[in-house]
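Following: one structure in structure tokens, then a few remarks.
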Amino acid sequence: MADPKKSIETAEGVEEVEEMEDEGKTNMSLLTAEMMKNPQVLAALQSRLGSMIGSPSGYIESLPKSVKRRIKALKKLQLECTRLEAKFYEEVHTLEYKYADLYMPFFEKRNEIINGKVEPTDEDCDFPSDSEKDDDEVIKTKVESKENKDNENKEPTETQNDDTRGIPEFWLTTFKNVEMISERIQEHDEPILKDLTDVKVKLLESNPMGFILEFHFKPNEYFSNTLLTKEYEMRCVPDEDDPFGFEGPEIFKCKGCTIDWKKGKNVTMKTIKKKQKHKSRGSVRTITKTVQNDSFFNFFSPPTVPSDEEQLDEDTQVLLAGDFEMGHFIRERIVPKAVLYFTGEALQDGDFDEEEEGEEEEAEDEEKDDDEDDDNDPDYNPQSDKTAKTQPPPECKQQ
């Protein structure tokens, strides 16, 4: 027969253990919650989870040899598809090269209109208006034109006095509308980019996937060049070490050009003065040093890519990645659709920063809520609040 006292003690012990477990779980939950507030812990956890994505589950390794053999056959088929895909992109480039000549007359006429070399005809401007407001402006212009003809003594209209040629600052405005380019443009770059007259893309035959960006400038006070170039080399061959990572043509190297800066006009370099103190004598001297300056025109002096790409350091890889992205964007988007980036129509919704507007709306909502709280407060006296706002603050007294 079991001892009743022992049974009671055992039951009490069980209850005590359960209470300790519950308390431990609560403390662990609180500790976990506190840890999740730590950004470093979160970053480490996300990194760990990211490394687990796509990791083998062990299923493939557990398959029979006959099945693994069939998988190898599928991989070989996949490799053949990848090689065929590379050929596809080569033929696409050949087609692009053909159509580049067909696009050229349109781009030349665009250049002439931008730089005021020709004035578009009424037929050239026969394009649907962007809004009813534009239609009203057209009607208003026609009415004013008729009135001017009826009355020759009338003063010339603003349109008649307008001596603006072409579309001023077309390319500067276009570039500043694109975030990845605008963040490179400094204040001292803008006067030079105002003299940018055209941007062209030249596809290369010798390097089937290569291309050259041409930046045409009118004579200016900064450099003697009228043409600056940036050449990109591309490859369209699956990597032997990672053939299934092939996703089409990729830029792997680029080359800039020499800018012949006029004396004292090189915006890519700046002079700084630095004080040095002698260790033993304690005397101080000032030295002048020339260092690189932030500028859009550093785009024409990219880092050199070594023959062995594995020797690239991380900083250089980041710089080249940004350079390649920008060069590709200019070729694929900006040059073909320049006017739409000039007007902002080609920009995606994500290109606009709505934080300020959101913050402004949030502030208005908070102010409105405060006003409602004041109205609901029985002790609130609007007259005293008005007096407090109009009454000048007391003078600050120095202790």
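All of (1) of a type outside the set (D, E, K, R); (2) under 26 Å from A100 (Cβ atoms); (3) modelled with pLDDT of 95 or more hold for T343 with one exception: (3).
Per-residue answers, yes or no, for (1) within 18 Å of F223 (Cβ to Cβ); (2) of a type in the set (S, T, Y); (3) outside any helix (DSSP H, G or I):
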| site | (1), (2), (3) |
| --- | --- |
| G248 | no, no, yes |
| F252 | no, no, yes |
| N266 | yes, no, yes |
| K273 | no, no, yes |
| K279 | no, no, yes |
| G282 | no, no, yes |
| R285 | no, no, yes |
| K289 | no, no, yes |
| Q317 | no, no, no |
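The residues of the stretch 77-124 that are in a helix (DSSP H, G or I), out of contact with any strand residue (DSSP E or B) (no Cβ under 8 Å at 6 or more places or on another chain) and among the small types (G, A, S) amount to a single one, A86.
Are any of the residues in the stretch 289-310 modelled with pLDDT of 75 or more, of a type in the set (A, V, I, L, M), surrounded by 12 or more Cβ atoms within 10 Å (Cβ to Cβ) and closer than 22 Å to E190 by Cα? Within the stretch 289-310, none of the residues are modelled with pLDDT of 75 or more, of a type in the set (A, V, I, L, M), surrounded by 12 or more Cβ atoms within 10 Å (Cβ to Cβ) and closer than 22 Å to E190 by Cα. Here is the figure for the stretch 203-249: residues that are closer than 18 Å to P336 by Cβ and in contact (Cβ under 8 Å) with a residue 40 or more places away in the chain total 7.
So, in the stretch 76-107, of the ones that are in contact (Cβ under 8 Å) with a residue 24 or more places away in the chain and open to solvent by 100 Å² or more (accessible area, probe 1.4 Å), which residue ends up farthest from the chain's Cα centre (by Cα)? Explain how you work it out, then say what you get.
Looking only at the stretch 76-107, we keep the residues that are in contact (Cβ under 8 Å) with a residue 24 or more places away in the chain, and these are 78-79, 82-83, 85-86, 89-90, 93-94, 96-97, 100, 103, 107.
Checking the rest, the ones that are also open to solvent by 100 Å² or more (accessible area, probe 1.4 Å) come to 83, 103.
Details: R83: 32, Y103: 27 Å.
Here the residue is R83.
The values are calculated or read from the model by the stated rules, or taken from the named source; none is laboratory data. Keep in mind that what you see is a predicted model, and the values were worked out from it rather than measured. Methodologically, a virtual Cβ is constructed for each residue, glycine included, from the backbone with ideal geometry; neighbour enumeration extends over all protein chains shown. Please note that ligands, DNA and RNA were not included when accessible areas were found on the heavy atoms of the full protein model with its side chains. Shrake-Rupley method; radii C 1.70, N 1.55, O 1.52, S 1.80 Å.
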